[in-house]
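Asker: What follows is a structure written as structure tokens; I'll ask about it next.
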Amino acid sequence: MLSPEVCQLLGYWRSLGGGNTLPERTMLDLRKLSHIMPWMFILEMTKDGALTYRLAGSSFEQALGKIMSGETYYSIFSDTEQACIMEELYATALVQGSGILRTGALQLGARSKFDLESITLPFSDAKAMGGVILVGVMRPFESVGHAFIDKWGELEQQLKRLFIVPSPRIVKLPHLSGRVQESLMALDVNLRVMDLPKVMEIDHSGMHHKFAEVPSFSLDQFKDTYPSVIN
């Protein structure tokens, strides 16, 4: 269903109150996430409105072949349609204080293609623009070779599914520009809301093999706060 790395960050975030409120950045203890730290990252909004990496794990940087901290999302993933979709979604998630899970594929030029699974979860941070940062992790993948070779601008994303993680607020379609809404429709990618309690139940019981899809429900079922819409 979901990778252990994604489930570990999701479970830790929820243990801090995530899903019912925004955990404070000061509550984040990276020592408890040491196993997944090489694939973790933190996104924030700078004063000029740019979505920027505050931090990126060593394995993530190794895969790209360059230091990512301080770099913008746009500069790393270049001006492609799907990168623009994700940039706007992440920026909107920061404003809304909402989490996002995405699945699909990641391609490094014409050489290698990997399964993509990435989750970003909101933390409140008084030092950040807008008071929110996104803490995320990617499902590990084998980078091309072991040398620190610059692959800047070679990354291409292929979206398959997008899930909003109630935090407790969510990103809704009206929050997104018409251009992004049209792009998602053209790609046949629907925004759905993760059934967070069900995902955690599956993870704790170790029953991932019985679920091919992430438990979720439609945006129309979401009212004001989660999980009141679950029957």
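The values are calculated or read from the model by the stated rules, or taken from the named source; none is laboratory data. A quick note: this is a predicted structure, and the numbers were derived from the prediction, not measured. Using ideal geometry, Cβ is built from the backbone for each residue, glycine included, and neighbour counts are taken over all protein chains shown.
Asker: Please count how many residues of the stretch 26-53 are surrounded by 18 or more Cβ atoms within 10 Å (Cβ to Cβ) and among the charged types (D, E, K, R).
Answerer: 1
Asker: Report every pair of residues separated by at least 6 positions or lying on different chains whose Cβ atoms are under 8 Å apart, first residue within the stretch 5-31 and among the charged types (D, E, K, R), second part of a strand (DSSP E or B).
Answerer: Within 8 Å, the pairs are GLU5/VAL137; GLU5/MET138; GLU24/PHE123; GLU24/SER124; ARG25/PHE123; ARG25/SER124; ARG25/ILE133.
Asker: Sticking with this one: Would you confirm whether or not the stretch 65-73 contains a residue that is crowded, with 19+ Cβ neighbours inside 10 Å, in contact (Cβ under 8 Å) with a residue 40 or more places away in the chain and either assigned to a strand (DSSP E or B) or among the charged types (D, E, K, R) (or both)?
Answerer: no
Asker: Then there is this: Mind listing just one residue for me: the one in the stretch 44-64 that is among the hydroxyl-bearing types (Ser, Thr, Tyr) and in contact (Cβ under 8 Å) with a residue 60 or more places away in the chain and, of those, farthest from SER124 (Cα to Cα)?
Answerer: Filtering the stretch 44-64 for residues that are among the hydroxyl-bearing types (Ser, Thr, Tyr) and in contact (Cβ under 8 Å) with a residue 60 or more places away in the chain, the one farthest from SER124 (Cα to Cα) comes out as SER59.
Asker: Using the structure shown, decide if LEU64 is under 12 Å from the mean Cα position of the chain (by Cα) and either of a type outside the set (S, T, N, Q) or over 17 Å from LEU173 (Cβ atoms) (or both).
Answerer: no
Asker: Only one of (1) on the phi > 0 side of the Ramachandran plot; (2) in a helix (DSSP H, G or I) fails for GLY49. Which number is that?
Answerer: The single condition GLY49 does not satisfy is (2).
Asker: Among the residues of the stretch 188-207, are any of a type outside the set (Val, Ile, Thr), part of a loop (DSSP other than H, G, I, E, B) and modelled with pLDDT under 90?
Answerer: Yes, because at least one residue in the stretch 188-207 is of a type outside the set (Val, Ile, Thr), part of a loop (DSSP other than H, G, I, E, B) and modelled with pLDDT under 90.
Asker: Let me ask something else about it. Answer yes or no: is there a residue in the stretch 98-108 that is in a loop (DSSP other than H, G, I, E, B), at pLDDT 90 or above and of a type outside the set (Val, Ile, Thr).
Answerer: Yes, that holds for at least one residue.
Asker: For a quick check of your reading: which strands (runs of 3 or more DSSP E) sit entirely within the stretch 109-166 and have at least 1 residues that are of a type in the set (Phe, Trp, Tyr) and at pLDDT 90 or above?
Answerer: 112-124, 155-165
Asker: Sort out which residues of the stretch 9-25 are polar (S, T, N, Q) and at pLDDT below 95, and write them in order of number.
Answerer: Within the stretch 9-25, ASN20, THR21 meet the criteria.
A quick yes/no check of all residues on (1) without any contact (Cβ under 8 Å) to a residue 60 or more places away in the chain; (2) charged (D, E, K, R); (3) in contact with a helix residue (DSSP H, G or I) (Cβ under 7 Å, 6 or more places away or on another chain); (4) closer than 24 Å to GLN82 by Cβ:
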position: LYS160; (1), (2), (3), (4): yes, yes, no, yes
position: VAL165; (1), (2), (3), (4): no, no, yes, yes
position: ASP188; (1), (2), (3), (4): yes, yes, no, yes
position: LYS198; (1), (2), (3), (4): yes, yes, no, no
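Asker: Continuing with the same structure: Quick one: which of GLU117, GLU88 is under 21 Å from LEU2 (Cβ atoms), crowded, with 16+ Cβ neighbours inside 10 Å and acidic (Asp, Glu)?
Answerer: Residue meeting the stated conditions: GLU117.
Asker: Right, here's the next one. Every residue in the stretch 1-24 that is among the hydrophobic types (A, V, I, L, M, F, W, C), within 18 Å of VAL171 (Cα to Cα) and assigned to a loop (DSSP other than H, G, I, E, B), please.
Answerer: LEU22
Asker: So, of the residues in the stretch 219-231 that are within 16 Å of SER167 (Cα to Cα) and modelled with pLDDT of 75 or more, which turns out to be surrounded by the fewest Cβ atoms within 10 Å (Cβ to Cβ)?
Answerer: It comes out as GLN221.
Asker: Moving on to the next point. Check off (1) crowded, with 16+ Cβ neighbours inside 10 Å; (2) within 16 Å of the chain's Cα centre (by Cα) for SER59 and give me the number that stays unchecked.
Answerer: Tallying (1) crowded, with 16+ Cβ neighbours inside 10 Å; (2) within 16 Å of the chain's Cα centre (by Cα), SER59 fails exactly one: (2).
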